[in-house]
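The values are calculated or read from the model by the stated rules, or taken from the named source; none is laboratory data. Model, not experiment: these values are computed from the prediction. Here the Cβ positions follow ideal geometry from the backbone for every residue, glycine too, while neighbour counts run over all protein chains shown.
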Amino acid sequence: MSTATLRQSYPPPSQYVPVIRVHELLSEKGDKACSIDPSATVYDAVELMADERVGALLVMVDGVLKGIVSERDYARKVILDGRASSETLVYEIMTSYLITASPEMEARECLALMTDNDIRHLPVLNSSEEVVGLLSVRDVASAIMLQQNRLIEALEAR
């Protein structure tokens, strides 16, 4: 029996286990996304990340997403450049070209976006371009592992 015949004889994995979508991830994780003003100091941003135990902050002005600042930005654009975090402003180091997700995307699509663009955090925007959450690569990887475990259980139960 050929491989093509074998593949055709089994339904796709989504028939065994529903895919996990971003809105489901956010309902489990919570839609809280910490943010900071672009005119804040990088020191304030790092302090807020430490207090909130997050690796990135959304940079917002009047409820509008302007960028994202992460620990990686801090390490590469402040520490390695010998800049002072108390004198450097968030807008000077933030990433303003943003890759975003929508609530209807699948977790695996998010992981592909993150991998292809070498990013660790993905803002989630609704159809009105409003921020509805922030996903980390850990959030997405955990969801994919959960989905794979469910698939394995479903296949073993057959």
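Of the numbered conditions (1) in a loop (DSSP other than H, G, I, E, B); (2) crowded, with 17+ Cβ neighbours inside 10 Å, residue 81 fails exactly one; give the number of that condition.
Condition not satisfied by residue 81: (2).
Which pairs do you get when a residue that is on the phi > 0 side of the Ramachandran plot, found in segment 23-34, comes within reach of a residue that is surrounded by 12 or more Cβ atoms within 10 Å (Cβ to Cβ), reach meaning Cβ atoms under 9 angstrom, with the pair 6+ apart or on two chains?
Cβ pairs passing all conditions: 30/133.
Just one of 59, 132, 69 is touching a residue at least 40 places away in the same chain (Cβ under 8 Å) and part of a strand (DSSP E or B); which is it? Explain how you work it out, then say what you get.
Details: 59 fails: touching a residue at least 40 places away in the same chain (Cβ under 8 Å); 69 fails: touching a residue at least 40 places away in the same chain (Cβ under 8 Å).
Exactly one of 59, 132, 69 is touching a residue at least 40 places away in the same chain (Cβ under 8 Å) and part of a strand (DSSP E or B), namely 132.
State whether one or more residues within segment 6-20 are surrounded by 11 or more Cβ atoms within 10 Å (Cβ to Cβ), out of contact with any His (no Cβ under 9 Å at 6 or more places or on another chain), modelled with pLDDT under 95 and within 25 Å of residue 130 (Cβ to Cβ).
There is at least one residue in segment 6-20 that is surrounded by 11 or more Cβ atoms within 10 Å (Cβ to Cβ), out of contact with any His (no Cβ under 9 Å at 6 or more places or on another chain), modelled with pLDDT under 95 and within 25 Å of residue 130 (Cβ to Cβ).
Look at residue 99 and say whether it is closer than 22 Å to residue 133 by Cβ, at pLDDT 95 or above, out of contact with any Asp or Glu (no Cβ under 6 Å at 6 or more places or on another chain) and assigned to a loop (DSSP other than H, G, I, E, B).
Considered against the rule, which asks whether it is closer than 22 Å to residue 133 by Cβ, at pLDDT 95 or above, out of contact with any Asp or Glu (no Cβ under 6 Å at 6 or more places or on another chain) and assigned to a loop (DSSP other than H, G, I, E, B), residue 99 comes out as yes.
From the list 102, 39, pick out the single residue that is touching a residue at least 12 places away in the same chain (Cβ under 8 Å), among the small types (Gly, Ala, Ser) and surrounded by 12 or more Cβ atoms within 10 Å (Cβ to Cβ).
Within the list 102, 39, the selection yields 102.
Taking residue 76, is it assigned to a helix (DSSP H, G or I), out of contact with any Pro (no Cβ under 7 Å at 6 or more places or on another chain) and not aliphatic (A, V, I, L, M)?
Judged against the criteria, residue 76 is a match.
Test residue 90 against the criterion of being within 12 Å of the chain's Cα centre (by Cα), surrounded by 15 or more Cβ atoms within 10 Å (Cβ to Cβ) and within 17 Å of residue 60 (Cβ to Cβ), and give yes or no.
Judged against the criteria, residue 90 is not a match.
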